[in-house]
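The values are calculated or read from the model by the stated rules, or taken from the named source; none is laboratory data. This is a predicted model, so every value here is computed, not measured. Because the Cβ atoms are built from the backbone with ideal geometry, glycine has one as well, and the counts that use them run over all protein chains shown.
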Amino acid sequence: MRSWGSAASAITSWPAMAVVMESSPALARSSRVMMAAKAAPMTAEAARPPSLVCSRPVVAAVRESEAASRRSSTPASLSRALRGDLDRIALKALRKEPVRRYHSAEALARDVERHLGGFPIEARPDTLGYRVGTFAKRHRVVVGAALAVLLAIVGGLSGALWWAGQASQERDRAVASREMLLSLLGDVDPDQTGGREVSALALLDHTAERLRIGLRGDDRTRAAVEAAVGKVYGNLGEFERAEVLQRSALRTRQEALGAGHPDVLQSQADLALLLTRQSRHEEAEQMLRGALAAGRRQLDAEHPAVAAVQHAIGVALTQQGRFAEAEPHLHHALMVRRTALGADAPVVAHSLAAMGSLLRRQGRLEEAESHYRAAADRYRALYGSENPRLGSALNEIGVIRKNSGDYRGAEPYYRQALAILEDSYGDRHPDYARAMSNLALLLKDRAILLGGDPALLDEAEPMLLRSLAIYRDLHGDAHLRVGHTEAHIGMLHLARGHGPEAERWFRQSLATHDAAETPALHTARPYPLTGLGEALLLRGRAAEAEPVLREALRIRQASTPGHWRIAEAQSALAECLFRLGRVAAADRLLTTAERRMREGDGEFARLALATRERRALLDAAR
């Protein structure tokens, strides 16, 4: 946060203060605006700025609508943001009685800074509710984690007491859980920490440590808390910590409830999703197949817990590139969740996003975008405009816009997603790395379309290297995301015309996929294969490039028939055949690629440029 030490000279008059007050909802929420008044005592005359009592200028409705669209807000939402602390600050500054006004410009500046930082302000009564509210806004992730723990405790207690039928224990357990929660939150209470900031991870670490003591003898409640805290760890990218807690919760539930119980199925689904994020596909799938069989034996096939398992199976299969197998599981889970839980349930939004991911990977871009937009709308309604799930959905919409050739339309989605994810997770989370990598690829492709603009390539490269470092730090060297990002860096060097560097990165990417045991027909494999083939062509080694490009084309056609990237492999192979002197075969293959580009949807702008150059070579050779 900026210091106000130098801010007191920034605003030179009360009319300027009025302008800031009029525009402050947008500014104060997103820009850390520097506001202060002259370092001079306020007079009664100066305390009556006419601009604060004048009506706002009338602006055409269309201009207001355009401005609202650009800032992702509405006049009503800005008005709501203005009400509250900023109202109190303005009114205190305008009090007639000197004793009720700010005694100096520095005091005003300090109160504005406290508002911007989310701290209680001097201009407002210091009530308990107000202090709790500002604390919650300042520590959204921490308070969210604490609420997850509290809900798990309450849910676990309710279930345990219902099953046991021990009403006499309800009071004692409620008191015990309240005391434990207050103990857990003590580490983030500013009255106990002296204002020291405490991270969500610190709270979660403290919670996990207290579980063994605070919930001793109450296994079901402890399992509920472990499951909740484990999910939060996973969302924060702390996979090892998440797995320890989720496995413990699963073991406890299996022992107490048996296979096929809804709580057991949910634990298995959650743990499998965590394993899938780490590319531990075989382990995840084996667990889920057993869970699905047990769930179908014990429960109705339309039970939400069975749907949770099917959802996890669909996600795991999608990540392995087994799209045809994944689709019925994801579709059935979405239908069951809508019917059983209602269209507004959070898990329905998760199912929509999972279907969007599957459809995008299949090249069904219009359907994918529809699903992701529906998911984004639900996330926004459920959690507001700064939630990381919304950020991830916006990132995927950006990918689809780019894949559809809409580079201009994709960039705002990428940048908004990156801002949300960084604000929510920090700068070492896998979702943040993915959003940053996607933005870098957009810059790289724009550079190609502009004839190899070096400034855009220079902007993209450190973003890709940073994404790679995050993935390696989180997952180790042998992970699908690591291999995919290494291929992205190879593509950037290819765009620069650096054949040797590009070849090195593509070969490293393929070696990483082998080490990570990426499935042979996974769609991540033809990407570095195509890049390697093009790098070899750039270096004049067409004979080496041919088998590489043929393998890329084979995998594309086998794993995603109809995908727009098939044309990419066909076009590159056509150039290879031409350079080997097989002009007729090259002509036939390039014609096929051109037809696919005319008839299909896809990211063809960069490919069209390369294909036109290849067609010119063929025509000149006739």
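What the table below lists for this structure:
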item: Condition check for ALA242: at pLDDT 90 or above and touching a Phe, Trp or Tyr at 6+ places or on another chain (Cβ under 7 Å); result: yes
item: Among the candidates ARG380, ARG373, residue that is without any contact (Cβ under 8 Å) to a residue 24 or more places away in the chain, among the charged types (D, E, K, R) and not assigned by TED's automatic domain parsing to the domain that holds GLN266; result: ARG380
item: Any hit, the range 466-487, residues being in contact with a Lys or Arg (Cβ under 7 Å, 6 or more places away or on another chain), in a helix (DSSP H, G or I) and farther than 26 Å from THR276 by Cβ; result: no
item: Considering residues of the range 410-436 that are modelled with pLDDT under 90 and in contact with a Phe, Trp or Tyr (Cβ under 8 Å, 6 or more places away or on another chain) only, the residue surrounded by the most Cβ atoms within 10 Å (Cβ to Cβ); result: TYR425
item: In the range 494-515, residue nearest to GLY476 (Cα to Cα) [restricted to those that are in contact with a Gly (Cβ under 6 Å, 6 or more places away or on another chain) and among the small types (Gly, Ala, Ser)]; result: SER509
item: Test: residue in the range 499-509 that is of a type in the set (Ser, Thr, Tyr) and within 17 Å of GLN319 (Cα to Cα); result: no
item: Single residue of GLY540, GLY533 found to be assigned to a loop (DSSP other than H, G, I, E, B) and assigned by TED's automatic domain parsing to the domain that holds ARG596; result: GLY540
item: The range 466-503 - residue that is touching a residue at least 12 places away in the same chain (Cβ under 8 Å) and basic (Lys, Arg) and, of those, nearest to ASP427 (Cα to Cα); result: ARG466
item: Tally, over the range 384-404, of residues that are closer than 14 Å to GLU369 by Cα and in contact (Cβ under 8 Å) with a residue 60 or more places away in the chain; result: 3
item: Which listed residue, of TYR471, TYR407, is at pLDDT 95 or above and either touching a strand residue (DSSP E or B) at 6+ places or on another chain (Cβ under 8 Å) or of a type in the set (Phe, Trp, Tyr) (or both); result: TYR471
item: Residues that are in a helix (DSSP H, G or I) and surrounded by fewer than 21 Cβ atoms within 10 Å (Cβ to Cβ), drawn from the range 236-251; result: PHE239, GLU240, ARG241, GLU243, VAL244, ARG247, SER248, ARG251
item: Criterion: buried (at least 23 other Cβ atoms within 10 Å of the Cβ), β-branched (Val, Ile, Thr) and modelled with pLDDT under 95 - qualifying residue of THR560, THR518, THR485; result: THR518
item: Tally of residues being on the phi > 0 side of the Ramachandran plot and of a type in the set (A, V, I, L, M) across the range 223-280; result: 0
item: Matching residues in the range 452-465 - criterion: being surrounded by 14 or more Cβ atoms within 10 Å (Cβ to Cβ), in a helix (DSSP H, G or I) and acidic (Asp, Glu); result: GLU459, GLU461
item: The one condition in (1) among the hydroxyl-bearing types (Ser, Thr, Tyr); (2) free of Cβ contacts under 8 Å to residues at least 40 places away in the same chain; (3) surrounded by fewer than 19 Cβ atoms within 10 Å (Cβ to Cβ) that TYR407 fails to fulfil; result: (2)
item: Pairs where the first residue, in the range 603-615, is under 17 Å from VAL399 (Cα atoms) and the second is aromatic (Phe, Trp, Tyr), C-beta under 9 Å, 6+ apart; result: GLU603/TYR407; GLU603/TRP564; PHE604/TRP564; ALA605/TYR407; LEU607/TRP564
item: Residue match in the range 588-598 (condition: over 38 Å from the mean Cα position of the chain (by Cα), on the phi > 0 side of the Ramachandran plot, exposed (fewer than 15 other Cβ atoms within 10 Å of the Cβ) and at pLDDT 95 or above); result: no
